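Scroll down for the structure; my scribbles are underneath it.
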Amino acid sequence: MITTEDRLRQLRAKLDQTGFLRIIEAHSGISALVGERARFQSDNGIVEYDGLWESSLTDSAVKGLPDIEIISRDSRITTINEIMQVTSKPVIVDGDTGRSPVEFEYMVRRLERLEVSAVIIEDKVFPKR
């Protein structure tokens, strides 16, 4: 069983060690399994990804919708939960614009309960254009 602290420790250790992270996108449980197991050959040998990125763009795309923050928070949480259930890697979530400060705070609390490692918000304002 991996804990939130374990995930964060992995993320920080890799960042401290290399100065960068290799993150692969996941938009469902099955794509998270692919990211969990994906490896590639580099000059330094076989490399795996350091974590997963849950993107609003691909979450919208797999639902056939535009990436304009019309996917509900509950739908995003469901997708993120499916990803968290199948990976031991740190997960970084695309928080879009964050909407209002109150909505962003609420979303962050929900993501903390899911043990998400980080949230990144855009330097745009809601609604996305």
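The values are calculated or read from the model by the stated rules, or taken from the named source; none is laboratory data. All values derive from a computational prediction rather than experimental measurement. Because the Cβ atoms are built from the backbone with ideal geometry, glycine has one as well, and the counts that use them run over all protein chains shown. The area values use the complete protein model at the heavy-atom level, side chains included, leaving out ligands, DNA and RNA. Shrake-Rupley method; radii C 1.70, N 1.55, O 1.52, S 1.80 Å.
Worth pointing out:
- The sole residue among GLU48, GLU36 that is of a type outside the set (S, T, N, Q) and touching a residue at least 40 places away in the same chain (Cβ under 8 Å) is GLU36.
- Of residues in the stretch 78-107 being open to solvent by less than 40 Å² (accessible area, probe 1.4 Å) and among the aliphatic types (A, V, I, L, M), the one nearest to GLN10 (Cα to Cα): VAL91
- Here the stretch 43-66 is the region considered, the condition is being of a type in the set (Gly, Ala, Ser) and open to solvent by 60 Å² or more (accessible area, probe 1.4 Å), and the residue that is nearest to ILE80 (Cα to Cα) is ALA61.
- For ILE70, the conditions (1) open to solvent by 60 Å² or more (accessible area, probe 1.4 Å); (2) outside any loop (DSSP other than H, G, I, E, B); (3) of a type outside the set (Gly, Ala, Ser) all hold with the exception of (2).
- Filter result (assigned to a strand (DSSP E or B), open to solvent by 50 Å² or more (accessible area, probe 1.4 Å) and more than 10 Å from LYS89 (Cβ to Cβ)) within the stretch 1-42: GLU25, ARG39, PHE40, GLN41
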